[in-house]
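Chemist: One structure follows; several queries about it will come next.
Each value in this text was obtained by applying a stated rule to the coordinates, not by laboratory testing. All values derive from a computational prediction rather than experimental measurement. Cβ sites come from the backbone with ideal geometry, for glycine too, and all protein chains shown count toward neighbours.
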Amino acid sequence: MSEEGQLFDKKSLRALQDGERGLRELAADCVAMANASGGWLAIGVEDDADHPQPGQRVTDDQVMRLNKRIPTLTLNVAVAATRQVAPNGGEWIELQVFASRQAVAATSDGRYFLRVGDESR
């Protein structure tokens, strides 16, 4: 898996287990990437790891929840979440964030973010 940067970020699967707070943090990262040039989030891969933990499983509900919930927490952000399987058998979610070309992306509560290097600001 590549290094984190402008177009790629790793997130712990705990982000989905933190309920609404975790989803709002993911939404902010999606806004930042959409306002930059799009990108990918690897949800279920820790910052210091190349792959998810062996045996880690991702449910259909988690994938569906991201595909449904991120658009409701953002404006002008399009995403596509899919389940992936790593060489070690662990599963993770690949969340593609499409660039917002027509309008500035924001969270539904009016916050704007931009991806600068490997940070959302």
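Chemist: What are the residues whose amide H is under 5 Å from the amide H of F8, where those residues sit 5 or more places off or on another chain and H is modelled from the backbone?
Modeler: Amide H neighbours of F8: W40.
Chemist: Could you tell me the relative contact order of segment 9-63? Use alpha-carbon pairs under 8 Å, at least six residues apart, and round to a whole percent.
Modeler: Computed value for segment 9-63: 45 percent relative contact order.
Chemist: Could you work out the relative contact order of segment 21-121? I mean the mean sequence separation of Cα pairs under 8 Å and 6+ apart, divided by the number of residues, in percent.
Modeler: Worked out over segment 21-121, it gives 41 percent.
Chemist: Exactly which trypsin sites (Lys or Arg not before Pro) in segment 61-108 are in a DSSP loop and have at most 14 other Cβ atoms within 10 Å?
Modeler: R101
Chemist: In whole Hz, with x marking every Gly and Pro, tabulate ³J(HN,Hα) for segment 23-38 from phi via Karplus 6.51 cos²θ - 1.76 cosθ + 1.60, θ = phi - 60°.
Modeler: 5, 5, 5, 5, 4, 4, 5, 5, 4, 4, 5, 4, 6, 7, 9, x
Chemist: Which ³J(HN,Hα) values, rounded to whole Hz and listed in residue order, are derived for segment 86-101 from phi using the Karplus coefficients 6.51, -1.76 and 1.60 in 6.51 cos²θ - 1.76 cosθ + 1.60 with θ = phi - 60°, glycine and proline given as x?
Modeler: Once rounded to whole Hz, the list reads 7, x, 8, x, x, 9, 8, 9, 9, 10, 7, 10, 7, 5, 8, 8.
Chemist: To continue, here is another question. Before rounding to the nearest 500, sum -39500 (n - 2.57) across all DSSP H runs of length at least 4 in the chain and divide by the residue total; then give [θ] at 222 nm in deg cm²/dmol.
Modeler: Per the formula, -8500 deg cm²/dmol.
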